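**Q** Here's a structure for you.
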Amino acid sequence: MNILIFGAGNLILSDEGFGVHFVNYMAEHYFLPENVELYDGGTLGIMVTHKFEEADKVFLVDIVDAPGKPGEIHRYKKEDIMLNKIPVKMSPHQIGIQEMLLISEMRGACPDDLTFFGIIPESLEPGNELSPALQAGLAQIARLVAAELGEAGIEITAKEQPIVKR
């Protein structure tokens, strides 16, 4: 089973880059088996449709405009995205993600098992750092992804000392 952990976002707009910060966090804090790929999708949108089509199971991580407070995490399944049950789009790359899933679905290549973890942002101002609320969300979503992988029979191991690349 090929698993993709896809982080979307723009690193120069503070919390908007959450998904990219998330894949970096996972690389720094977890040992992942070979069949689990971390992918920095940035703002590429439909340019990376093939990444979703190559996976059997996808975890998509991004910010979301939903009711609640900054740092609250929402979980959606593929059906929620395809039926437009997720909240209003917040940024140009989210349009690309929804279109990407639709293109993959039309080609019959979209994985059935897709989970979207969205976190409510605090700031979309220029800057390359996450707000404190979203900084805390990195570990929370990592634990959620690890738990879901464990339920699928895929164990990942936390590193005792994070390996930080700067």
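The values are calculated or read from the model by the stated rules, or taken from the named source; none is laboratory data. Computed from a prediction, not measured in an experiment: that's the story for all the values here. Cβ placement follows ideal geometry from the backbone for every residue including glycine, while neighbour counts extend to all protein chains displayed. Remember, those area values only see protein heavy atoms, side chains included, never the ligands or the DNA or RNA. Shrake-Rupley method; radii C 1.70, N 1.55, O 1.52, S 1.80 Å.
**Q** Counting each DSSP H run of 4 or more residues in the chain as -39500 (n - 2.57), what helix-only mean residue ellipticity at 222 nm follows after dividing by all residues, to the nearest 500 deg cm²/dmol?
**A** Rounded to the nearest 500, it is -10500 deg cm²/dmol.
**Q** Still on this structure: Under a Cβ-Cβ cut-off of 12 Å, what is the net charge of the residues other than Gln140 that fall near it, where Lys and Arg count +1 and Asp and Glu count -1?
**A** In short, +1.
**Q** Per-residue HN-Hα couplings for region 32-43, Karplus 6.51 cos²θ - 1.76 cosθ + 1.60 at θ = phi - 60°, whole Hz, x for Gly and Pro?
**A** Going residue by residue, I get 10, x, 4, 8, 10, 10, 8, 9, 7, x, x, 10 Hz, with x marking Gly and Pro.
**Q** Give the peptides 142-152, 55-65 in descending order of average Cβ contacts within 10 Å, highest first.
**A** The most tightly packed comes first, giving 55-65, 142-152.
**Q** Normalised by the number of residues in the chain, what is the relative contact order in percent for Cα pairs under 8 Å and 6+ residues apart?
**A** For the chain, the relative contact order is 33 percent.
**Q** Might you tell me the accessible area per residue for region 94-141, computed with a 1.4 Å probe and given in Å²?
**A** Solvent-accessible surface per residue comes out at 47 Å².
**Q** Still on this model: Under a cut-off of 12 Å between alpha-carbon atoms, report the aspartates and glutamates in cross-link reach of Lys69, not counting same-chain residues fewer than 8 places apart.
**A** List returned: Glu122.
**Q** Using 0.36 nm per residue, how much length does the chain from Lys69 to Asn35 gain when fully extended, once their Cα-Cα distance is taken away?
**A** Numbers: separation 34, 0.36 × 34 = 12.24 nm, distance 3.45 nm.
Taking Lys69 through Asn35 to full extension adds about 8.8 nm, to one decimal.
**Q** Where in the chain are the helices, taken as whole DSSP H runs, whose Cα atoms extend 15 angstrom or more along the long axis and whose Kyte-Doolittle mean reaches at least 0.5? List each step's numbers first, then the result.
**A** Details: long enough: 18-29 (16 Å, 0.22); 92-106 (21 Å, 0.33); 132-151 (30 Å, 0.69).
The qualifying helices are 132-151.
**Q** A further question follows. Projecting each Cα onto the charge dipole of the chain (Lys/Arg +1, Asp/Glu -1 at the beta carbon, about the Cα centre), which of Pro126, Cys110, Gly153 comes out farthest on the positive side?
**A** Pro126
**Q** Magnitude of the Cβ-charge dipole of the chain, K/R +1 and D/E -1, about the Cα centre, nearest 20 debye? Walk me through the numbers on the way to the answer.
**A** Details: 13 positive and 25 negative charges, 27 e Å.
Computed about the Cα centre, the dipole is about 140 debye.
**Q** For a quick protection proxy, order the peptides 1-9, 24-32 by their average other-Cβ count within 10 Å, most packed first.
**A** On the way: 1-9: 22.4, 24-32: 18.2.
The packing order, highest mean first, is 1-9, 24-32.
**Q** Kindly state, to the nearest 0.05, the FRET efficiency for Glu160 paired with Met106, given R0 = 41 Å and r defined as their beta-carbon distance.
**A** 0.35
**Q** Simple spin-label model, 7 Å along Cα-to-Cβ: Ile46 to Glu99 in nm?
**A** Here the modelled spin labels are 0.4 nm apart.
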